[in-house]
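> Sharing a structure with you now.
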Amino acid sequence: MAVSSVPAGPSFDEIRRAPKALLHDHLDGGLRPATILDLAAGIGHELPAATPEGLGEWFVAAADSGSLERYLTTFAHTVAVMQTADALHRVARECALDLARDGVVYAEVRFAPEQHLERGLSLPEVVEAVLDGFRAGSAEAAEQGTPIRVGTLLTAMRHAARSMEIAELSIRYRDAGVVGFDIAGAEAGYPPTRHLDAFEYLQRENSHFTIHAGEAFGLPSIWQALQWCGADRLGHGVRIVDDIGPDNALGRLAAYVRDKRIPLELCPSSNVQTGAAASIREHPIGLLRDLRFRVTVNTDNRLMSGTSMSREMALLVEAFGYGWPELQWFTVNAMKSAFIPFDERLALINDVIKPAYAKLT
Ligand SMILES: O=c1[nH]cnc2c1ncn2[C@H]1C[C@H](O)[C@@H](CO)O1
Ligand SMILES: [Zn+2]
């Protein structure tokens, strides 16, 4: 008798080889543990572990805290070793290489320049070191047969008061690799409207920005980010489910987000660690995809979550039974929502992503 077998979903290795697009990844949340050890030794910064394996495990365990505020404390160690042009260049170069090796063909990587001034660098020096690092890593990745396009987002910290300066910096470097702006950091108590002048300035400059909203705080944060600040995308935005009823009826804000095709930069593992979702299986990404919100899959902080773009997708395959059509949909959604020009987005979709998935589906 024939045993009926459920066809296995895409394997991790197949997912790794498939082209992927990533919109939400923090430069200071993705360092190689060995690089942190190396850089820390050079400046005498004390770390909580002495081996790459031990340090990697420490970051994941410490970030696994159930609170965004506690999760964010782990960045003290990465930011501490990213205070010179050489260190920033190295971290950015390795980031581009690591993402390319994971099959990411387009990535927007963000970081907060104001956090890298402790050893005398100026804001432009910080940005230039990172942009150079991304250029070097991307060139090497292309030579290795894994081409990647990396765009940089400049982040302002929402508890601080430098958002206007950082927004101006993003415009100054808009033709040199910076493709947009963001605000990040503790959400509760720091509404995005504190930075309204920066967002209004960016709108007048015809620029693009995303806002971390709807992660550790709910609908009012999302509403402000969209309706007061004019965000093009939502960093996380996962709490939009609070505006969806048990019968899947959409409230006005949820309907607006879906109707306007506002991209949601969902980060499953990160959300479980900060307590924004109970588990991957219970993550609202399943519902939001079923309801056809513009959902994208992201890593947030590869170091703190011990993850990669391939791993996030593999976790969703396991939890929700997704196959290639869903993985392609997430990838095309991300590419459509990218901050690079339309013709460049289309070229990646039509020349790279669709042909590769056509062979897989
Ligand atoms: O998921 C996040 N929510 C809010 N802030 C975050 C998240 N991940 C990283 N950050 C913060 C810590 C970093 O130092 C900063 C810039 O990348 O952004
Ligand atoms: Zn983030």
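The values are calculated or read from the model by the stated rules, or taken from the named source; none is laboratory data. No experiment lies behind these values; they were computed from the predicted model shown. Heads up, the Cβs are rebuilt from the backbone with ideal geometry, glycines too, and the neighbour counts pull from every protein chain shown. To get the accessible areas, we keep the full protein, side chains included, count just its heavy atoms, and leave off ligands, DNA and RNA. Shrake-Rupley method; radii C 1.70, N 1.55, O 1.52, S 1.80 Å.
Each row is one residue, and each column tells you yes or no for (1) out of contact with any Gly (no Cβ under 8 Å at 6 or more places or on another chain); (2) of a type in the set (Ser, Thr, Tyr).
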{"residue": "Gly275", "(1), (2)": "no, no"}
{"residue": "Pro284", "(1), (2)": "yes, no"}
{"residue": "Arg289", "(1), (2)": "yes, no"}
{"residue": "Glu312", "(1), (2)": "yes, no"}
{"residue": "Tyr322", "(1), (2)": "no, yes"}
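> Are there any pairs with C-beta distances below 6 angstrom linking a residue in the range 1-28 that is among the aromatic types (Phe, Trp, Tyr) and assigned to a helix (DSSP H, G or I) to a residue that is open to solvent by less than 90 Å² (accessible area, probe 1.4 Å) and modelled with pLDDT of 90 or more, with the two at least 6 apart or on different chains, and if so which?
These pairs meet every condition: Phe12/Ala314.
> Which strands (runs of 3 or more DSSP E) sit wholly inside the range 95-185 and have at least 3 residues that are more than 16 Å from ligand 1 (Cβ to nearest atom) and under 20 Å from Ser308 (Cβ atoms)?
Correct list: 104-111.
> Then there is this: Which number in (1) open to solvent by 30 Å² or more (accessible area, probe 1.4 Å); (2) over 30 Å from Gln328 (Cβ atoms); (3) not aromatic (Phe, Trp, Tyr) marks the one condition that Ala112 misses?
(1)
> When the residues of the range 274-294 are filtered to those that are surrounded by 24 or more Cβ atoms within 10 Å (Cβ to Cβ) and within 21 Å of Glu108 (Cα to Cα), which remaining residue is farthest from ligand 1 (Cβ to nearest atom)?
In this case the residue turns out to be Phe293.
> For Arg158, work out the one condition from (1) within 14 Å of ligand 2 (Cβ to nearest atom); (2) surrounded by fewer than 20 Cβ atoms within 10 Å (Cβ to Cβ) it doesn't fulfil.
(2)
> Only residues that are under 30 Å from Ala276 (Cα atoms) and open to solvent by 10 Å² or more (accessible area, probe 1.4 Å): list them for the range 164-183, please.
Listed by number, the residues that qualify are Met164, Val179.
> Do we find a residue being in contact with a helix residue (DSSP H, G or I) (Cβ under 9 Å, 6 or more places away or on another chain), touching a residue at least 24 places away in the same chain (Cβ under 8 Å) and in a strand (DSSP E or B) anywhere in the range 246-260?
Yes - at least one qualifying residue is present in the range 246-260.
> Please go through (1) over 24 Å from Ser65 (Cβ atoms); (2) in contact (Cβ under 8 Å) with a residue 60 or more places away in the chain; (3) away from ligand 2 (no atom under 14 Å from the Cβ) for Thr296 and return the number of the only condition it doesn't satisfy.
(3)
> Quick one: Leu219 ticks every box in (1) of a type in the set (A, V, I, L, M); (2) open to solvent by 10 Å² or more (accessible area, probe 1.4 Å); (3) within 23 Å of Leu117 (Cα to Cα) except a single one, so which number is it?
All conditions pass for Leu219, except number (3).
> Same structure, new question: If I go through the range 202-223 residue by residue, how many of them are within 19 Å of Ile166 (Cβ to Cβ) and either at pLDDT below 95 or polar (S, T, N, Q) (or both)?
4
> Name the one entry in Ala87, Ala92 that is open to solvent by less than 10 Å² (accessible area, probe 1.4 Å) and either hydroxyl-bearing (Ser, Thr, Tyr) or under 22 Å from Asn298 (Cα atoms) (or both).
Residue meeting the stated conditions: Ala92.
> While we're on this one: Select, from Pro124, Pro113, the only residue that is farther than 23 Å from Ser337 by Cα and in contact with a strand residue (DSSP E or B) (Cβ under 7 Å, 6 or more places away or on another chain).
Answer to the check: Pro113.
> Inside the range 30-56, can you point out the residues that are within 16 Å of ligand 2 (Cβ to nearest atom) and in contact with a Ser or Thr (Cβ under 7 Å, 6 or more places away or on another chain)?
If the condition is that a residue be within 16 Å of ligand 2 (Cβ to nearest atom) and in contact with a Ser or Thr (Cβ under 7 Å, 6 or more places away or on another chain), then Leu31 is the only one that fits.
> Next up: Looking at the range 260-273, is at least one residue farther than 21 Å from Arg294 by Cα, within 12 Å of ligand 1 (Cβ to nearest atom) and not hydrophobic (A, V, I, L, M, F, W, C)?
Looking through the range 260-273, at least one residue is farther than 21 Å from Arg294 by Cα, within 12 Å of ligand 1 (Cβ to nearest atom) and not hydrophobic (A, V, I, L, M, F, W, C).
> Failed condition for Ala41, given (1) assigned to a helix (DSSP H, G or I); (2) in contact (Cβ under 8 Å) with a residue 24 or more places away in the chain; (3) open to solvent by 30 Å² or more (accessible area, probe 1.4 Å), with all others met?
With respect to (1) assigned to a helix (DSSP H, G or I); (2) in contact (Cβ under 8 Å) with a residue 24 or more places away in the chain; (3) open to solvent by 30 Å² or more (accessible area, probe 1.4 Å), Ala41 is out only on (2).
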